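Asker: First the structure, which I've put down as structure tokens, then a few questions once you've had a look.
The values are calculated or read from the model by the stated rules, or taken from the named source; none is laboratory data. Keep in mind the model is a prediction, meaning the values are calculated, not measured. Reconstructed Cβ throughout: ideal geometry from the backbone, glycine too, with neighbour counts over all protein chains shown. To get the accessible areas, we keep the full protein, side chains included, count just its heavy atoms, and leave off ligands, DNA and RNA. Shrake-Rupley method; radii C 1.70, N 1.55, O 1.52, S 1.80 Å.
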Amino acid sequence: MQLPGNIIANADDLGYDEFVNKGILQCFERGYINSTSLMTNMDGFDEAVELIHSSRIIGNVGVHVNLAEGKPLTDFKEDFLDPAGNFDVGKTNKVLINLSDVGKSAFAKEINAQIERALSRKVNIIHIDSHLHLHTLPAFYKLFLAAAKQHKLKIRLAQTYNEGSYVKFYYRKYINNLFRKNNCNYSNRFETVERFLEYKSRADKNLKVEVMLHPWISGSGLLEDHYDKDTLTRWITFLKNQ
């Protein structure tokens, strides 16, 4: 199956576990996706690296920086961890602008450590994004931009459409313009599959659009999107009709 040339169909969460890894590999094999983002702090990381090196079909690999779950790779601040030492998304997702210099340094160190773990395994990394879009939060976007520039990587835009909040829309527009100004944007637009299928960007072949999917092999052995199985079904239907 051939993806339109202006579409980046990115599978998030490679490296999460064996079921996600198998689902993403299957999507590459079938031509449903042409890009993926690798989690370097989760249980499926080693298997994912082996798949990347053994399968020529997995390409356009990025790092899916994870400050939301799993254990950090660095000696991280306990303030943002749960009692078991895992990231607590209830804490990291609430970080807005009130982050101390010590906190910024700790997060920057962790972001770079996750990128460098992939590089240390000789994975050819070309872009970064983040689990649950934490890289778009006010306290984090400059840290991610700095890491992207340091490692010469592209970065995922924040959602480029209005979800009904003009405050969020213009804030995201501001940081996206900053990414573009630094020539770090991975695409011209970033949209969910649902938004892409309904919006005019679907018909504009001059726009490079990144759409996000989350493939996995379900407990019943089916290839699905683990956030919403209908998403992958609608995406495959769209591709078949091209």
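Asker: Cα-Cα pairs above 11 Å in segment 62-111: how many percent?
Answerer: Every Cα pair in segment 62-111 considered, those over 11 Å come to 68 percent.
Asker: Same structure, new question: Using a 1.4 Å probe and ignoring any ligands, DNA or RNA, find the accessible area of residue 32 and quote it in Å² to the nearest 10.
Answerer: The value for residue 32 is about 20 Å².
Asker: Would you kindly calculate the translational diffusion coefficient of segment 59-197, applying Stokes-Einstein with the Kirkwood radius from alpha carbon pairs, for 37 °C and a viscosity of 0.692 mPa s, and quote it in µm² s⁻¹ without decimals?
Answerer: Translational D for this selection: 211 µm²/s.
Asker: Pick from 221, 62, 23 the residue whose mean-square fluctuation is largest in a GNM of the chain, springs joining Cα atoms under 10 Å.
Answerer: Greatest mean-square fluctuation among the candidates belongs to 221.
Asker: Along the Cα→Cβ direction, 7 angstrom out, place labels at residue 177 and residue 2. What is the inter-label distance in nm?
Answerer: Calculated label separation equals 3.8 nm.
Asker: What whole-number value in cubic angstrom gives the convex hull volume per residue for the C-alpha atoms of the chain?
Answerer: Dividing the Cα hull volume of the chain by its residue count gives 129 Å³.
Asker: Add +1 for every Lys or Arg and -1 for every Asp or Glu among the other residues with Cβ under 10 Å from the Cβ of residue 139, and state the total.
Answerer: Taking every other residue near residue 139 into account, the sum is +3.
Asker: Per-residue accessible area for residue 40 at 1.4 Å probe radius, Å² rounded to 10?
Answerer: Result for residue 40: roughly 0 Å² accessible.
Asker: Also, I was wondering about something else. When the Kirkwood radius is taken over all Cα pairs of segment 18-64, what Stokes-Einstein diffusion coefficient follows at 20 °C and 1.002 mPa s, in µm²/s?
Answerer: After rounding, the answer is 202 µm²/s.
Asker: Let me ask something additional. Along the Cα→Cβ direction, 7 angstrom out, place labels at residue 109 and residue 229. What is the inter-label distance in nm?
Answerer: 4.4
Asker: Taking the Cα centre of the chain as the origin and placing charges on Cβ (Lys, Arg +1; Asp, Glu -1), which of 35, 177, 146 is farthest toward the positive end of the dipole?
Answerer: Farthest towards the positive end: 177.
Asker: Give me the log10 of I(q) over I(0) for segment 1-44 at q = 0.24, 0.26, 0.29, 0.31 Å⁻¹, as the Debye formula computes it from C-alpha points; what are the numbers?
Answerer: Log10 I(q)/I(0), no solvent term: -0.77, -0.85, -0.97, -1.05.
Asker: Let me ask you something else. Convert each backbone phi in segment 64-77 into a coupling constant with the Karplus relation 6.51 cos²θ - 1.76 cosθ + 1.60 (shift: θ = phi - 60°), then list the ³J(HN,Hα) values in order as whole Hz, x for Gly and Pro.
Answerer: Values, residue by residue: 9, 4, 10, 10, 10, 7, x, 8, x, 8, 10, 7, 8, 5 Hz.
Asker: Compute the signed sum of charges (Lys and Arg +1, Asp and Glu -1) over the other residues within less than 13 Å, Cβ to Cβ, of residue 159.
Answerer: +1
Asker: Now for a different question. Per the helix-only calculation at 222 nm, which mean residue ellipticity applies to the chain, given -39500 (n - 2.57) for every DSSP H run of n ≥ 4 and division by its residues, nearest 500 deg cm²/dmol?
Answerer: -11500 deg cm²/dmol
Asker: Rounded to two decimals, what ratio of Rg to Rh does segment 1-95 give with C-alpha atoms and a Kirkwood Rh?
Answerer: Rg/Rh for segment 1-95 comes to 1.06.
Asker: Rg and Dmax of segment 116-202, using alpha carbons, in Å: what are they?
Answerer: 13.7, 42
Asker: Non-local amide H neighbours of residue 35 (under 5 Å, H modeled in plane, Pro and chain starts lacking H): which ones?
Answerer: The list, which skips near neighbours in sequence, is 9, 11.
Asker: Provide the FRET efficiency to the nearest 0.05 for the residue 236-residue 207 pair, computing r from the beta carbons and using R0 = 22 Å.
Answerer: Efficiency computed from Cβ-Cβ geometry: 0.50.
Asker: What value does segment 152-199 have for Rg/Rh, both radii from Cα atoms and Rh as Kirkwood defines it?
Answerer: On the Cα set of segment 152-199, Rg over Rh gives 0.99.
Asker: Further question on the same structure: What accessible surface, in Å², does a 1.4 Å probe find on residue 30, ignoring ligands, DNA and RNA and rounding to the nearest 10?
Answerer: The accessible area of residue 30 comes to roughly 110 Å².
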